[in-house]
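The structure appears right after this line, and notes come after that.
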Amino acid sequence: MEITTYRKLSNEEIGTLIVQGCSCEDWNLIEVVPNFLPDNVRFTKFSGTNKLGRFDEEITLYGGVRMKTGIVHAHIHNCTIEDNALISSVKSYIANYRIGKHVIIHNLNQLAVEGTTTFGNGIRVKVINESGGREIPIYDHLSAHVAYILALYRHRMNAVNEIERLIADYVGFISATAGSVSNGVQLINCGTLRNVKIGPYAILEGVSKLDNGSINSTAADPVTIGQGAILENFIVCSGTRITDSTLVSNCFIGQGCILDKHYSAVESVFFSNCQGLHGEACSIFAGPYTVSHHKSSLLIAGLFSFMNAGSGSNQSNHLYKLGPIHQGVVERGAKTTSDSYILWPSRIGAFSLVLGRHYRHSDTTDFPFSYLIEENNESKLIPGVNLQSIGTIRDSQKWPKRDRRKDTNLLDSINFNLLSPYTIQKMINGRAILLGLLHASGETAPHYTYKGMIIKNSALLRGIELYEKAIWKFLGNSLISRIQCLKSDTPEEIREALKKDTPLGSNSRWLDLSGMICPSDAVDQLLDSIENKRIHSLEEVNAAIRAIHKNYYTYEWSWAVDVMQHFYFVPVAEFTPADVIEVTKRWMKAVLEIDQLLYNDAKKEFSLIKQTGFGIDGDKIVRQLDFDEVRGEFETHAEVNSIREHMAKKEALGNEVIAKMEKIQLFQTIKN
């Protein structure tokens, strides 16, 4: 770090400053850099101890307005102002701050620190349960995964307490009596900013009020906070934008988030790439890609991730017997339609759609990719139907493309896989439940009941079929990934290649740690290390979590080996080329059949009924032409082409694996 040297003002410099309208309680308390020029310091009052850099450049503001760096019309108290900052038109004062190089502060009410502050670090946010009990002490480098453990692993309080101790140590380390406005920051037309730490190149324009918080902007990924925003007790991470009269209180806002259009958030945490517009959030844990775009949408007292809330979506935890103590879980990838309602406590399975209003405590965790629909005041479950929805595939493809994070240090480790041990284990459970219902009530029953939900006969049979296809698709994916790395040509070497690399993940329950998919035994191992103090810092906690994420496919194979035996009835350790061929054929069949279902679903979007409203002033021919111009033709549509290409690619891959195994079989036959 460059060390800046300072000197006292000369009598000539003091005289120049006085002539230029400046005043000071004691000129001896001002120090300047050796090459200081007083020319651009005018109409400024100094109090306390201050240090000034050199001001000799010109900057261009929005609209082409040019201004010289320096200090004009301001009151500066106990500050260090580095080279070529511009401070202009401060209505009240700036107190107890270090202002970095090339900072622009123009038309500001107040910027001040009083006493010792932690800049929002250590604030305890009451997530998921409004009444408390799951508080998260937020800090600058909080990840979704550490937050998940802090909020939801209360059964491992020794580990939680140890993490909180490490956080407390960090909070004590960064507490200070002076704030910082780092290099390149712009504060333009802002109101009152108190006890705020601002990272490099952040842009704050028209902000109404900030109180007790950190803006962890970076040069690679600046933060923008805009018109009318009011934030108190907060931490905002790199790449985030908060503007248009958004209100934030007691919140952590992660990397690449957008809170806009009068959004209101209280006692909540938001992680990578969340978006909140128009609506409200209260005591929510918003994992990566939680999105709410509409007015009258309320997310309250729940755990969410990869979630899209429709207009007017609402949940209720106010039974008011013992207060607002109820909570809910909407697992990754779920959607709610317009005017949907869920009564907490409930749990919605991964990648599911909730349509209508549900007044019973729904639990569809073992039925991922399902519809939960209100029909005649009943909750109707359609298991697995989202596996054939082109919209589900589109979502999985868009999430990686919409990762707005540009920081070199990403806080959240995100797994985007639709089919993973996390979802497949639920399908295995769901399939077993459906088979049990079928056995108990008979194949001719018109409908079945599970936890207060109605499942029609046709939906139950279809659910079993769809889950089996998805299970074989996943198992084949895992097997072929191992086979593709095979460089040998003997059955013995095949079996060697298919061995587990680690016992972790095997026979384990798989978890979604708010974006990161991992086996429970790996998490338990991490928590054991924290409890036994083999991990000594928050940096080591984060490094251990990143290592778990990095080893996902290794853990996945350990789990898939055991599941393969359950569904194929042959231990992987005894696999021959013929077994690999058989599993590959089942995989190909499942993949191609699911892709055909997706193709058929996409085709529905080009049906005549979907053309209603097109060609408004013409006949059928005009309607078709208008539709084609706006939506494109079915055969040339990007999503349709993507499905066809995927089918061709997977079929070619399957045939390649089969040919390779047949070659090994032939070689062995000749050899014997």
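A few points about this structure:
- Efficiency of FRET from Cβ geometry, residue 394 and residue 497, R₀ 30 Å, rounded to 0.05: 0.30
- Length added when fully stretched, residue 107-residue 176, from 0.36 nm per residue minus Cα-Cα: 22.2 nm
- Taking a ≥ b ≥ c as the square roots of the eigenvalues of the Cα gyration tensor, an a/c ratio below 1.5 marks segment 1-112 as rounded.
- Charge-dipole axis of the chain as Lys and Arg at +1 and Asp and Glu at -1 on Cβ define it, positive-most pick from 139, 597, 643: 597
- Magnitude of the charge dipole for segment 1-76, about its Cα centre and with charges confined to Cβ atoms of Lys, Arg (+1) and Asp, Glu (-1), is about 140 debye.
- Whether segment 420-573 is rounded, prolate or oblate, judged on the alpha carbon gyration tensor where a/c under 1.5 counts as rounded: oblate
- Folded to 0 to 90 degrees: helix 520-531 orientation relative to the chain principal axis, Cα: 40 degrees
- Net charge contributed by nearby residues that have their C-beta within less than 10 Å of residue 480 (K/R +1, D/E -1): +1
- Pairs of Cα atoms nearer than 8 Å and 6+ residues apart set the relative contact order; for segment 236-393 it is 11 percent.
- Above-threshold pairs, the threshold being 28 Å between Cα atoms, out of 406/589; 45/261; 91/197: 406/589; 45/261
- Calculated on the alpha-carbon coordinates, the convex hull of the chain measures out at 213 cubic angstrom per residue.
- Here the Karplus relation 6.51 cos²θ - 1.76 cosθ + 1.60, evaluated at θ = phi - 60°, turns the backbone of segment 552-566 into coupling constants of 3, 5, 5, 5, 4, 5, 4, 6, 5, 4, 5, 5, 4, 5, 5 Hz, with x for every Gly and Pro.
- Computed Kirkwood radius, in angstrom, where 1/r is averaged over Cα pairs of segment 507-595: 15.5 Å
- Principal-axis tilt of helix 421-441 within the chain, Cα atoms, nearest 10 degrees: 40 degrees
- Once exposed loop chymotrypsin sites (Phe, Trp or Tyr not before Pro) are cut out (DSSP; at most 12 other Cβ, 10 Å), longest piece of the chain: 63-319
- Between the helical axis of 620-631 and the longest alpha-carbon principal axis of the chain there is an angle of about 60 degrees.
- Within the straight-line cut-off of under 16 Å between alpha carbons, the aspartates and glutamates reachable from residue 68 are 39, 56, 57, 58, 82, 83, sequence neighbours fewer than 8 places apart in one chain being disregarded.
- Antiparallel %, DSSP beta bridges [both residues in the chain], to 5: 15 percent
- 29 Å Cα cut-off, lysine pairs counted over segment 420-573 (separation 8 or more, or different chains): 24
- Ordering 73, 48, 3 by the projection of their Cα atoms onto the charge dipole of segment 1-112, which places +1 on the Cβ of Lys and Arg and -1 on the Cβ of Asp and Glu, puts 73 at the extreme positive end.
- Entry note, the chain: relative contact order of 7 percent, from Cα contacts under 8 Å with a spacing of 6+ residues.
- Per residue of the chain, the DSSP helices (runs of n ≥ 4 H) give a summed -39500 (n - 2.57) that works out to -11000 deg cm²/dmol at 222 nm.
- Segment 362-407-segment 231-262 distance, computed between alpha-carbon centres (Å): 27 Å
- Segment 1-112: relative contact order in percent, alpha carbon pairs under 8 Å with at least 6 residues between: 19 percent
- Equivalent ellipsoid dimensions for segment 141-184 as semi-axes, Å, which come from the Cα gyration tensor, largest first: 28, 13, 6
- Between the beta carbons of residue 58 and residue 116, assuming R0 = 56 Å, the FRET efficiency works out to 0.90 to the nearest 0.05.
- Length released on extending from residue 670 to residue 435, taking residue separation times 0.36 nm less the Cα-Cα span: 80.0 nm
- When exposed loop sites are taken as GluC sites (Glu not before Pro) in a DSSP loop with at most 16 other Cβ atoms within 10 Å, the longest stretch of the chain clear of them is 115-442.
- FRET efficiency for residue 68 and residue 262, using Cβ-Cβ distance with R0 set to 35 Å, rounded to 0.05: 0.40
- Trypsin sites (Lys or Arg not before Pro) within segment 245-350, DSSP loop, no more than 10 other Cβ atoms inside 10 Å: 321
- Under a model in which nothing but the beta-carbon of Lys, Arg (+1) and Asp, Glu (-1) is charged, the chain shows a dipole of about 620 debye around its Cα centre.
Only the coordinates and a few stated rules stand behind these numbers; no lab work does. As the structure is a computational prediction, the values presented were derived from the model and not from experiment. Backbone-built Cβ (ideal geometry, glycine too); neighbour counts: all protein chains shown.
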